[in-house]
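Read the figures in this text as sums done on the coordinates, not as results from a lab. Here the structure is a predicted model, which is why all the values come from computation and not from measurement. A quick note on method: Cβ atoms are made from the backbone with ideal geometry, for glycine too, and the neighbour counts reach across all protein chains shown.
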């Protein structure tokens, strides 16, 4: 049965085209995906991301549990009110999911998981919890929105109550804070500044309406995908999954190898892969001819080998087609992409393509 967020009726009232996404009825756009993309890059917009799974890790063993569960080391968060991006790996080093963990208190960490991986993630997390003094609390009573764009900070702050504003004004990128009314973090998935905001579901409709009344436009999942692609941010199921590891997915930077004595799930497998040197890598592509790069397009490096597009599409900011592709580790800086039986030249680049509204590749 398809699920709906608390904001479903608000999306319908706003004229959204609703689609099935990971078992949830979600807005793909509200009329024009292209306009929504530019809205976020140039001003700001709000996304309903309540389909994502919010899980609180509670108890005196939370730190030890998460240092074992995650490839990145939560001890990098040296004070409360910080957040960290990490992969959660299987024993072979494959990516079960990528996530953000928030350090709320010594006995409380909050994790936000991908909607498409909710069941698998929770099963895995529960399996690994044995022996740790923790409890996992899935927060189905909460809803979440993301307000993103160069004007997001100012516009959101203008709507907050004094108590909420006291939390928000001190936040730096990747900071978080909460009180009884709101959980607010300077995180996002667009390459722009902004907030991700969590609150009790009974309050989310009124907050959403206030955001729209302040001329913060609703944005669908279509623009969210082109924004994250431009920003060089991976999408689970496309750019990595349980059959791929971080070292071949532009995510090597998320592995905390030190301290050496920290044993985390997947470490032994990753150390063997690292010692042997990965034979594939994930790169960015900019198409130099006509066409649109799409997932599974063949990428050809003459005399070297072949790869495959993992995520691709049209970049509204660059006005070109861009993509991620998993290719041979020895691949050079030019290639051919097979599109409709034609081989179109493309340039290999290092993502991100766009960050904070600025084009970073040619």
With R₀ set to 51 angstrom, the calculated FRET efficiency between the beta-carbons of residue 279 and residue 21, to the nearest 0.05, is 0.95
Roughly how many nanometres apart are two label points built 7 Å out from the Cα toward the Cβ at residue 91 and residue 288?
4.7 nm
Hey, with R₀ at 35 Å, roughly what FRET efficiency would residue 14 and residue 140 work out to, going by the Cβ-Cβ distance, to 0.05?
0.90
Under a Gaussian network model of the chain whose springs join Cα atoms within less than 10 Å, the largest fluctuation of 319, 238, 279 belongs to 319
Relative packing of 292-304, 119-131, which averages over residues the other C-beta atoms within 10 Å, highest first
292-304, 119-131
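When the Kirkwood hydrodynamic radius is evaluated over all pairs of different C-alpha atoms of the chain, what value in angstrom, to one decimal, is obtained?
Evaluated on the chain, it is 21.3 Å.
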Additional length obtainable on full extension of the chain from residue 342 to residue 214, 0.36 nm per residue less Cα span
41.3 nm
log10 of Debye I(q)/I(0), alpha-carbon scatterers only, for the range 66-159 at 0.15, 0.16, 0.24 Å⁻¹
-0.70, -0.78, -1.44
For the chain, modelled as a GNM with alpha-carbon contacts under 10 angstrom, which of 93, 23, 237 fluctuates the most?
23
How much length, in nm to one decimal, is gained on full extension between residue 2 and residue 43, taken as 0.36 nm per residue of separation minus their Cα-Cα distance?
11.5 nm
Which residue fluctuates most in the GNM of the chain (Cα springs below 10 Å): 192, 341, 308?
341
Peptides ranked, highest mean first, by Cβ atoms within 10 Å: ranges 66-74, 252-260
66-74, 252-260
Compute from the Cα atoms of the range 279-359 the Rg and the Dmax, the latter being the longest Cα-Cα distance, and quote both in angstrom.
11.7, 38
Label point distance in nm, residue 166-residue 333, each placed 7 Å from Cα along Cα→Cβ:
5.4 nm
With label points set 7 Å from each Cα along the Cα-to-Cβ direction at residue 133 and residue 358, the distance between them in nm comes to 4.8 nm
Pull out a ≥ b ≥ c, the square roots of the eigenvalues of the alpha-carbon gyration tensor of the range 158-233, then state rounded if a/c is under 1.5, prolate if not and a/b is larger than b/c, and oblate in the remaining case.
oblate
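Grab the Cα-Cα distance for residue 78 and residue 180, subtract it from 0.36 nm times how many residues apart they are, and report the gain in nm with one decimal.
Gain on stretching residue 78 to residue 180: 34.3 nm.
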Ordering of 194-201, 12-19 by burial proxy (mean other Cβ atoms within 10 Å per residue, highest first)
194-201, 12-19
What FRET efficiency, computed as 1/(1 + (r/R0)^6) with R0 = 45 Å and r the Cβ-Cβ distance, is obtained for residue 253 and residue 205, rounded to the nearest 0.05?
0.70
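Using Cα pairs under 8 angstrom and six or more residues apart, how large is the relative contact order of the chain, in percent?
It comes to 18 percent, rounded to a whole number.
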